[in-house]
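The values are calculated or read from the model by the stated rules, or taken from the named source; none is laboratory data. Since we're looking at a predicted model, the values are computed, not measured. All Cβ positions, glycine included, derive from the backbone under ideal geometry; neighbour counts span all protein chains shown.
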Amino acid sequence: MDNTSSTTATTTAGGLAGRALTVAFDRAEPVLADLDITLAPATTTAIIGPNGSGKSTLLRTLGRLQRPQRGTVLLDGADVSSIGKRDLARRLGVLPQAPQAPEALTVVDLVARGRDPHRRWYDQWAARDEHEVHRALERTGMLAHAATPLAHLSGGQRQRAWIAMALAQQPSTLLLDEPTTHLDVAHQLDVLDLLAQVHAEDGTTVVMVLHDLGCVARYAERVIALAEGAVVADGTPGQVITPEVLRRVFDVEADVIPDPVEGHPVVLPRRRRRRPDE
Amino acid sequence: MRWRPRTVLVTAAAALAAAVVGVVALGVGDFPLSPAEVVSALQGRGTRQQLLVVQVVRLPRVLTGAAAGAALALAGALVITMARNALASPDLLGITAGGSAGAVAVITLGGTASAAGWLRQVGVPTGALLGAALAGMLVWVLTRRGHLSGVRPLLVGVGVSSFFAGVVALLLVAAPIRDAARANVWLTGSLNQRSWPELAPLALTLALVAPVLLVVAHRLHGLHLGTDVARATGTDAGATARLLGAVAVALTAVAAAACGPLGFVALVAPHAARLATGASRPPLVASAAVGALVVLSSDLLARQLFAPVQLPAGAVIAVVGGPVLVALLVSQARRTG
């Protein structure tokens, strides 16, 4: 469980929550409308939902990458907008969807950015920073590639490098927007196993937007289903990944059976659901 | 700050090369001096004539050129890094055109009063600043609050530059022929007859900007990865971008006020510095050193190439800068298309 070393992140008492979040872009229709959500601390939570349901927007709003028109985001009970930006970045790490890195940027330079919240402009690069970058590279298995430009890495390796950057921030909460999209199955397992390991070792709260329901069922302790900007279901994978929820959220007819080895729900999609008016 | 050894090496080499070119430039002209004589004159030793030529006549010109090159390169490095776009340099975005229009307005509307004294030292740079600020605001609006990726910002730049070129044309037509002629000469972009009145506001701006950059420049690392990642690592991306944008506009304006529009320095110098250091973004100090080197070398070439005919330094830079721009456009098109 928790290591006794001083570099281990501690679990938060209150966790991350959103109250009455309303986000509307230029469209008249809000993407999120008056949404309430509470993320259990020290838990791995998956947010699922169809395209356009607002998953990414919700994650970005919780991670302060997007300002809501109305509503507040709370971290440990405090309004996130009242917490200093650097302080927030030390507690909350966000990995946006498909991040773009400039050419010629090496892995170690990217991971070093994760130390920015811990340093002021006058701070020299300290041994502490070096140690944390090294540790992040080690945990993500990227130590051998530290001097390699990101452009020369495979998709899975690149994703692990970005995760290493987030880990270097030493956050107690980690938000990831579709970390496994565009990865093949082996790399998907790599990334998810890594996140599970981080969660197990540090007690980090992990929140991910995932498309693959198989991964969700295997790796998530809690699942939140979103549809049309509102929370439709919230519970364990066994409670949320059911034919009724799948019908309502994804508009598909599916059977759900327990995995013969590990017991988690396995989705067998049958067909696209016919609406009564079709 | 983590200093990369190669960056330090390139910066030192560029600065040294600029100094060498500067010393050579100080010795060139109607009254030639050897480099050794130049160095002595700089230290205060030599005949009265040598001291006059070096310290009073030529030194301000060389210093102005170096300062303008550094300022333009800095502005270019800042914008290219924040925009994450190799082509987004202030002169291609129309900022320089705005600064030119402002300066020309002061030169033509101020009449002969702007050839010397208060108007020359303060009026022209202020006009350039206002023009460049206006251009900056136009670009901000036309790129939908600063979306500077892709080729579209260049199109905006063409539009903004054309607008201000029209303003300049109007001013030149309306002004008395003597002032219009002076403005026309100014517009070619050269170091001819630049002296302390041009250097002072430029040096002042650089001195004011340096501490700001010292404090804020480390945020460029994060901004270079995009606003999302910058925000995720605790940087106030919006405020930082606006501040550094304002700094870039000010540097471009004051450099333009001093030497006229020296196009392409803000594009060529940062990319040369980036390639030389192998970094993922143009390092600020290295870019400034390379910028000074570029302007001083171009000016020296411009004076000596077809001596006694003196070309404007801007023409020489354009000969190099034009192909560089085309090469960048082609490589970007190849990557996306």
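To keep it simple, each residue is scored yes or no on (1) at pLDDT below 90; (2) within 14 Å of B:Leu87 (Cα to Cα).
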residue	(1), (2)
B:Leu267	no, yes
B:Gly278	yes, no
B:Val285	no, no
B:Ala289	no, no
B:Leu296	no, no
B:Ser331	yes, yes
B:Arg334	yes, no
B:Gly337	yes, no
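The conditions of being at pLDDT 90 or above and under 16 Å from the mean Cα position of the chain (by Cα) are met by A:Ala89. For the range A:43-60, residues that are farther than 17 Å from A:Pro30 by Cα and either in a loop (DSSP other than H, G, I, E, B) or hydrophobic (A, V, I, L, M, F, W, C) (or both) total 4.
The criterion of at least 2 residues that are aliphatic (A, V, I, L, M) is met, among helices (runs of 4 or more DSSP H) falling completely within the range A:204-278, by A:213-219, A:243-250. State whether one or more residues within the range A:26-46 are out of contact with any Lys or Arg (no Cβ under 8 Å at 6 or more places or on another chain) and within 14 Å of chain B (Cβ to nearest Cβ). Within the range A:26-46, one or more residues are out of contact with any Lys or Arg (no Cβ under 8 Å at 6 or more places or on another chain) and within 14 Å of chain B (Cβ to nearest Cβ). Residues in the range B:13-46 that are among the hydroxyl-bearing types (Ser, Thr, Tyr) and in a helix (DSSP H, G or I): B:Ser40 alone.
Please find, among A:Leu59, A:Leu65, the residue that is under 13 Å from B:Ala230 (Cα atoms) and of a type outside the set (Phe, Trp, Tyr). Full working, then the answer.
Details: A:Leu59 fails: under 13 Å from B:Ala230 (Cα atoms).
That would be A:Leu65, the only listed residue that is under 13 Å from B:Ala230 (Cα atoms) and of a type outside the set (Phe, Trp, Tyr).
A:Arg120 fulfils the conditions (1) within 30 Å of B:Leu275 (Cβ to Cβ); (2) modelled with pLDDT under 90 except for a single criterion, (1).
Answer with yes or no whether A:Gly114 is within 12 Å of chain B (Cβ to nearest Cβ) and out of contact with any Cys (no Cβ under 7 Å at 6 or more places or on another chain). Yes.
Scanning the range A:144-183 for residues that are within 12 Å of chain B (Cβ to nearest Cβ), in a helix (DSSP H, G or I) and either under 25 Å from A:Ser53 (Cβ atoms) or touching a Cys at 6+ places or on another chain (Cβ under 8 Å) (or both) yields A:Trp162, A:Ala166.
Applying the selection to the range A:61-86, what residues are more than 8 Å from chain B (Cβ to nearest Cβ), out of contact with any helix residue (DSSP H, G or I) (no Cβ under 7 Å at 6 or more places or on another chain) and not in a loop (DSSP other than H, G, I, E, B)? Answer for the range A:61-86, where residues must be more than 8 Å from chain B (Cβ to nearest Cβ), out of contact with any helix residue (DSSP H, G or I) (no Cβ under 7 Å at 6 or more places or on another chain) and not in a loop (DSSP other than H, G, I, E, B): A:Thr61, A:Leu62, A:Arg70, A:Gly71, A:Thr72, A:Ala78, A:Asp79, A:Ser81, A:Ser82.
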